[in-house]
Amino acid sequence: MEFGVYIHIPFCQQKCFYCDFPSFAGRERFIDDYLLALKEEIHKTKSNMGYGQDEKLQPKTLYIGGGTPTVLAEEQLEKLFQLIHEEISLDFCEEYTIEVNPGTVNENKLKLLKNAGITRLSIGVQSLDDKYLQAIGRIHNAQEAVDTVQLAQLLGLNNISIDLMYGLPGQTMAVLQETLRQALKLKVQHISIYGLQLEEGTAFAKMEAIGKLQLPADEITEAMYDYITSELPQQGYERYEISNFAQKGFYSRHNMSYWQDKMYLGFGSGAHSYWQGKRLQNLADIPSYIKAVPENNWQELEEQVSEKEHMEEMCFLGLRTAEGINKKQFSQTFGRNLEEIYGDVIIRLTEKGLLKDKEDSCSLTLLGMRYGNQVFSEFLL
């Protein structure tokens with residue numbers, strides 16, 4: 001059975017102004033107890049799945065995210081990797097990723113990651129301009145980001161992704177172009193680049209509500225999008241998903257499994273799972289999660305995904321990728337052809353130049369990627 005594993009580390013040194021993930025600053029006192037609860041959750045989940053006492057999970061991909069996993073001290077990281085080693089087998093794991101934030105790693109930590117078997121780093125750079133890093137609440141500066149990437153490369157970690165953002169408060173096209181120019185000089189294998197979204201409950205959303213957030217005009221943000229989506233492919237980065245660009249052979253296999261409707265298990269506070277037609281979500285509050293695991297009550301949501309929801313999600317997620325919706329997979333999953341369910345929608349969107357309809361797939365055009373949310377809404381049943 002093919003599946004991925006996600007492990008959530010919810011601790012941060014400082015909460016970024018745009019972030020709505022289940023992560024928290026100032027909770028370091030809970031780390032050791034959290035790691036014990038995490039191990040217990042994984043062990044109990046295995047038992048519930050019918051694994052024997054000494055058997056290990058065998059995921060195809062393993063992803064440690066946050067939060068900021070590298071905010072853990074070296075001895076805490078060692079505990080994390082030890083519990084993973086005890087509960088999870090890497091024998092069939094094709095990709096082992098950890099998220100890294102500049103300002104929280106040094107040479108010893110990077111060596112520790114490599115020795116633990118990590119094969120891919122996802123580094124949160126966001127910008128290479130100190131003014132804008134400060135404006136979005138990052139704890140690092142541009143030079144620290146560059147140094148983190150280069151040190152990882154020097155140590156032989158040669159599958160590196162960096163995250164960048166555009167549409168930041170006060171950001172100009174010239175600033176974005178310079179950040180991208182500097183990023184390309186790093187010669188990383190993968191670049192994820194996201195437009196700023198104002199999410200409810202974040203510091204930025206609160207600033208926007210009282211008129212204290214000056215964002216670029218829509219036409220500037222759209223021009224930034226056009227520049228990014230044109231420049232990165234010219235520089236050898238294939239756009240394989242709406243916000244993700246990679247050199248050949250360096251797609252994120254873990255994230256691709258989400259978009260391809262594959263199962264995954266999420267462990268830790270706030271983690272999500274998608275398993276055998278069910279959607280599961282863990283308690284997000286760290287102390288509540290730690291207390292609930294011994295009581296076998298760590299999940300706050302369990303719901304069966306209806307066939308209608310499953311169809312919609314397969315289409316939404318598939319359309320995010322350059323490959324698009326796999327028609328054979330759709331028909332094998334639901335016993336009906338894609339055209340039988342969405343024929344009129346596909347014809348209408350193809351005529352508008354938003355979809356490419358092929359014999360084996362249905363995918364977004366470049367125009368469709370630009371207006372992805374509008375296209376997705378058409379696939380609501």
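The values are calculated or read from the model by the stated rules, or taken from the named source; none is laboratory data. Keep in mind that this is a model prediction, so the values were computed, not measured. When we count neighbours, we look across all protein chains shown, and the Cβ atoms used for this are built from the backbone with ideal geometry, even at glycine.
Just a few scattered comments:
- Single unsatisfied condition, G117 versus (1) on the phi > 0 side of the Ramachandran plot; (2) touching a helix residue (DSSP H, G or I) at 6+ places or on another chain (Cβ under 9 Å); (3) buried (at least 20 other Cβ atoms within 10 Å of the Cβ): (3)
- Condition broken by K248, with the remaining ones in (1) farther than 21 Å from Y18 by Cβ; (2) within 19 Å of the chain's Cα centre (by Cα) satisfied: (2)
- Residues being surrounded by fewer than 22 Cβ atoms within 10 Å (Cβ to Cβ) and under 18 Å from G268 (Cα atoms) - total across segment 90-101: 1
- Every listed requirement among (1) touching a residue at least 12 places away in the same chain (Cβ under 8 Å); (2) surrounded by fewer than 13 Cβ atoms within 10 Å (Cβ to Cβ); (3) within 24 Å of the chain's Cα centre (by Cα) is met by V375 save one, (2).
- Lone unmet requirement of (1) assigned to a helix (DSSP H, G or I); (2) crowded, with 18+ Cβ neighbours inside 10 Å for C362: (1)
- Residues located in segment 102-134, provided they are touching an Asp or Glu at 6+ places or on another chain (Cβ under 9 Å) and part of a helix (DSSP H, G or I): N108, K109, L112
- Matching residues in segment 49-87 - criterion: being over 16 Å from P10 (Cα atoms), touching a strand residue (DSSP E or B) at 6+ places or on another chain (Cβ under 6 Å) and among the hydroxyl-bearing types (S, T, Y): T61
- Summed over segment 1-52, the residues that are part of a helix (DSSP H, G or I) and farther than 28 Å from Q276 by Cβ give a count of 6.
- Number of the exception - D357 against (1) at pLDDT below 95; (2) surrounded by 15 or more Cβ atoms within 10 Å (Cβ to Cβ): (1)
- Of the residues making up segment 151-169, one or more are among the charged types (D, E, K, R), touching a residue at least 24 places away in the same chain (Cβ under 8 Å) and in contact with a strand residue (DSSP E or B) (Cβ under 9 Å, 6 or more places away or on another chain).
- Looking only at segment 181-195, and only at residues there that are in contact with a Ser or Thr (Cβ under 9 Å, 6 or more places away or on another chain) and in a loop (DSSP other than H, G, I, E, B), the one that is surrounded by the most Cβ atoms within 10 Å (Cβ to Cβ): V188
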